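Input: a single structure, listed below in C-alpha cells.
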Amino acid sequence: MKKAVLVGRPNVGKSALFNRLAGRRISIVHDQPGVTRDRIEALCSLGRVPFGIVDTGGIGASPDPDFAEATHRAADDALEGADAVLFVVDGKDGLLPLDTELAAKLRRASRPVVLVVNKLDDPKHDDLEGEFLQLGFDRVVGISAVHGRGTDDLLSAVGEAFGAQEPGSELPETKIPPRIVIIGRPNVGKSSLTNALLGRDRAIVSDIAGTTRDAVEVPCEFGGRPYLLLDTAGIRHRSRHNTSVEVFSVMRSEEAIRMADVCVLVIDAQSGVTEQDKRIAGLIQKSRKAVVIAVNKADLLDADSTRREGLKEQLAAWQSQLFFLPYAPLVLLSAKTGDNLKRLGTTVEKMRQHATRRLGTGELNRVFRDAMTLHPPPMRGTRRLKVFYATQLEESAPRPFAPVKFLLFVNAPGLLTPTYETYLAAQVRRVREYPGLPLIFELRARPESEKRVRTRGGKRPAKRPATKRR
C-alpha cells in the first residue's frame, strides 16, 4: 500500500489534516506548537484507492526543546518509507524562511511532493496560495483542514504523486487485527516496552514524564499472529494535570482502553503497585477488557528480591494489591534488557486460546451445584438465590479476547450479591482457568414452578385434559 507522510514546521495544521484524511480524531490538535512528537499512522479511505498516512512532529524549530532531536529523527525515519510527501504550510502566516529550508530538504529526499497550503478557511483567502509558488513544486493545493475545503483536490494531487494505480488492487484487509494497548501511569516504561516488543525504536523514550501524548498504533506480531500495538500517554490523577494537552492525552488513553482487545497494564517493579496503578486497573476492570500485568524494570530489583523465595513473595504481594483483577496473569520483565519479553507474548497467546474454549453445560451446572452446596448464597430478606440452569453463551461473531459470558436462569436476579458473584467466578476458574479474561454472568429470571415440571428427559409432561365440575 502506498504511504503519504505529512511534514512541515510546527503548528501549521498537520494533525488537523491527518485527522481529516483519516476520517476520525486520532492526533491531538491544539494551538500549542510541538504537540505531536511520535509519528502516527492511519488509513485514508476517502479516495478511489486507500493509502496510508503518517503524521509527524514539527521539523526545523524547537518549541519543545527536550524532544526536538527525537521528534525530528522520527520525522526523518517516516520520510524514508514515504511514497509521497504532503508538505504542509500555513497560508495565513505566509512563506517563512523555515518553509524555504524545509523545501530544500525535501527536494534532496527525492520523493514526490504535494505542497499543501493550509488554513485557507474562506474563498477570499485563496490568493494567499500564490506566495508559495516560488518554492518551485509542481503540485500545489490550497485547503482548510478544519473545514474540509479542497480535500477532493488534495486527494487527486496525492493520487497523481503516487503514479498509476489500479483501483481496488491494494485494498487492505477489512478484518482489523486485535488491539493490544500498553497502559499505565507516567514513566513506568510503556514506550520502552513498545519498542522492545517491536524490535526497533518506534516510540520516543525519555525520563521526562508525559513524553508520549498521542496513542501510537503500530502493527506487530505475537506467535506469528497479527496485532495492533498501541502505546499510550501515561495516566495521572486528574488533579495533577499540568496542561490542556495532557488532559487530551489522558482522554485518548482512556479511549484506547475502551477500544482495546487486550490491555497490558505496566507497573514499575521498584515502586510497586501505587494508588494510581489501582485506579487504572479499575478502568480496565470497569471496561471488562482482557488484561495482563507487566511488571517492568525487573533489572533494577535488588538481589534479595530476585531470589526464588523472595520473588515468589513479591509477586504474591503485587497480585494481592490488585485483588480486584485476580484473573490477570502477572509477568515480571525488563524492556531494557529484554528479559521475559517472550513470556509476555506467550501469555497473550494463551489468553487467546482460552477465549475460544467452552465449558460443557453439564460440567458447568455441576460446578454451580457443588459451589452452592459448599457455600450457600446469602439470604436477602427471606429469600435465597437459586440457579436452575446455566450455559455458556456463544457470540455469533466473537472478537478475540472477548469476555467469557454465562447465562444463568435463576429465581430472582436481584438475589446475587457482588461478593457471591466473585465466589462463583472463582469456582468456574478452578475448572477452566480463562487467564486474563473477565467472566460475565447474565441472569434471567425463571419461575420455580418451571423447574418442578421438568422431567428427567428434559420434556414437559403432557397436560391433563381439563375437567369441568358438575
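A compact table of results
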{"item": "Charge sum, other residues only, whose C-beta stays under 9 Å from residue 415's C-beta, Lys/Arg counted +1 and Asp/Glu -1", "result": "+4"}
{"item": "Given 2/105; 297/342; 278/312; 2/289, the pairs whose alpha carbons are separated by over 24 Å", "result": "2/289"}
{"item": "Surface accessible to a 1.4 Å probe, residue 441 within the full protein complex, Å²", "result": "20"}
{"item": "Spin-label pair residue 431/residue 138, simplified geometry with 7 Å Cα→Cβ offset, distance in nm", "result": "7.0"}
{"item": "Distance-filtered residues of the stretch 79-123 - backbone nitrogen under 14 Å, label point 7 angstrom along residue 146 Cα→Cβ", "result": "90-93, 118-123"}
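The values are calculated or read from the model by the stated rules, or taken from the named source; none is laboratory data. Since we're looking at a predicted model, the values are computed, not measured. When we count neighbours, we look across all protein chains shown, and the Cβ atoms used for this are built from the backbone with ideal geometry, even at glycine. Just the protein is used for accessible areas: all its heavy atoms, side chains included, with ligands, DNA and RNA removed. Shrake-Rupley method; radii C 1.70, N 1.55, O 1.52, S 1.80 Å.
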